[in-house]
Amino acid sequence: MNDVGRQFTPRHAIIIGGSLGGLFTAVTLRAIGWTFEIIERSPHELDSRGGGLVLQPDVLAALRFAGIRVTDAIGVPSADRIYLDRDDAVVYRNFMPQTQTSWGTLYSMMRATIPADQIHSGEEFVGFEPGHGKVRALFASGRSAVGDLLVGADGPHSTLRALLRPGSLPRYAGYVAWRGLAPERRVSERARSLLEGTFAFQQGPGHMLLEYMVPGEDGSVRPGERRWNWVWYRKVDAAALPALLLDRAGRQHSYSLPPGTAKQADTEALRADGRAMLAPAFQELMAATDDIFLQTIQDLQMDQMVFGRAILLGDAAFIPRPHTAGGSAKAAANALALALALRNDHAGIDASLREWQHQQREAGYRMTDSGIAMGQQIMSL
């Protein structure tokens, strides 16, 4: 049956990945009348391992399009960007207001609007079969699902991308980001007065640390209940990476170490480096952090996002470096543009997907190229 003959039948999307990219896709497609199901490999509700992030206009636009109420509680504002020297002196200040939020805050806002029966947790996607205007997704359990669109929003390690383009792996950029979230109350009044209301940096040869304040673990933005999000970029030779990504239980990770898994010897060495290299205020943030975690910095650029009725979205297609502050924004922009294209699909879904790919692929190249240039400058690579 052609598109015109089915115009009053709700379209259905099968979304692989229940993190931010998958949720943005779900809530924006829902706003144009599509139905959906989300497939998430983890059997548990996802946690806030992503830490803090800068709230970008694309995120707000997607949330508002989806009808999700946005209030001031979404994040913590900052006014100035400052650079500190080794002795806590402010050597540069620039007025640049913005708002910082957390992965967990955005996740909770969207997840709360999705009925539990539309999320299949603990379900592993293993393959798909294209059809005439349809696609069938296959799962390790033996279950299958049929939809009008299969969306790979399953991140840097995308199973759908591996099926569509075997060997299309992210490339290690030569450095990592050590990250932590320090409860506001654990930081001294002296450090709080210096950092309050700022997005602060310290840069040195081959490294950079930044910090900003985000909502508390429970989403609170009340003073005293928030957290300091810090990120320290450090060079790590590719040959040394496997040993660093071996966790305290002896499990080998490929790209990141979630909170609570880094080896004690590695975090103690990092804290010792911090005492030797960082401003006292930043040393305090590190000392106040219980669980330091790690992500490797990677690059990925896909020259194709649409493969018939299967598409790649967010980090499954392009991985921007964190310096762009654009990872969640890119996923939100991809999802919103997809919904807008499919809302007005008078020429049919396939033509709308081709136009969506043209726009979003070019945007992906621009963002990732910008992040690579910034990283090379920051890290002196």
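The values are calculated or read from the model by the stated rules, or taken from the named source; none is laboratory data. Here the structure is a predicted model, which means the values were calculated and not measured. In this analysis, Cβ positions are derived from the backbone assuming ideal geometry, glycine residues included, and neighbour counts consider all displayed protein chains.
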For ALA269, indicate whether it is modelled with pLDDT of 95 or more and either under 19 Å from ASP87 (Cα atoms) or in contact with a Phe, Trp or Tyr (Cβ under 6 Å, 6 or more places away or on another chain) (or both).
-> no
Check ALA66, ALA73, ALA112, ALA62 and return the single one that is out of contact with any helix residue (DSSP H, G or I) (no Cβ under 8 Å at 6 or more places or on another chain), within 26 Å of LYS330 (Cα to Cα) and surrounded by 14 or more Cβ atoms within 10 Å (Cβ to Cβ).
-> ALA73
Check on ALA249, in a loop (DSSP other than H, G, I, E, B) and either surrounded by fewer than 17 Cβ atoms within 10 Å (Cβ to Cβ) or in contact with a His (Cβ under 9 Å, 6 or more places away or on another chain) (or both) | yes
Counting only residues that are under 29 Å from PHE128 (Cβ atoms) and either under 15 Å from the mean Cα position of the chain (by Cα) or outside the structural domain of GLY180 (by TED's automatic domain parsing) (or both), give me the strands (runs of 3 or more DSSP E) lying completely in segment 12-87 with at least 3 of them.
-> 12-16, 35-40
Residue match in segment 344-360 (condition: under 18 Å from ARG30 (Cα atoms), in contact (Cβ under 8 Å) with a residue 40 or more places away in the chain and either surrounded by fewer than 20 Cβ atoms within 10 Å (Cβ to Cβ) or within 14 Å of the chain's Cα centre (by Cα) (or both)) = yes
Of all residues in segment 144-167, which are basic (Lys, Arg) and assigned to a helix (DSSP H, G or I)?
-> ARG161
The condition of being closer than 24 Å to TYR172 by Cα, polar (S, T, N, Q), surrounded by 12 or more Cβ atoms within 10 Å (Cβ to Cβ) and in contact with a strand residue (DSSP E or B) (Cβ under 7 Å, 6 or more places away or on another chain) holds, among GLN304, GLN298, only for GLN298
